[in-house]
Amino acid sequence: MSEDILGIDYGERDGSIVVRLRGRLDSETAPRFQSEVVGRCAGKGVILDLSELKYISSAGLRAILVLRKSGSKVKVENATGLVKEVLEISDFDTLMG
């Protein structure tokens, strides 16, 4: 799979939906994230596993906020590299627990 494509896998842990993201969450892939993930997870507990996410843009951050505003309790985990840096700079790491 190309890193330019967003991969989304689902699982379950401790009563929450685990959403594993791969590749990029940016202006091209954020609409898909919103339609799929928000549609499936609205109002539920969600753990976003970002261990395989290589890039996130402001559009990706906004898509995660849309998920949170849908009534979901969102926890972000396993961010690395540039993704972790973007989350820290934007204060998402504290906002999303």
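Read-outs: derived from the displayed coordinates by stated rules, not from any lab. No experiment lies behind these values; they were computed from the predicted model shown. Cβ coordinates were reconstructed from backbone atoms using ideal geometry, including for glycine residues, and neighbour counts include every protein chain displayed.
Across all directions, the average projected area of the convex hull around the alpha carbons of the chain is 5.3 nm². Ranked from largest, the principal axis spans of the Cα set of the range 33-87 equal 29, 19, 15 Å.
Based on Cα contacts under 8 Å between residues 6+ apart, the chain shows a relative contact order of 26 percent. In this rough spin-label picture, where each label sits 7 Å from Cα along the Cβ direction, the residue 32-residue 94 distance is 3.4 nm.
Among the lysines of the chain, pairs that are 8 or more positions apart or on different chains and have alpha carbons within less than 20 Å of each other number 7.
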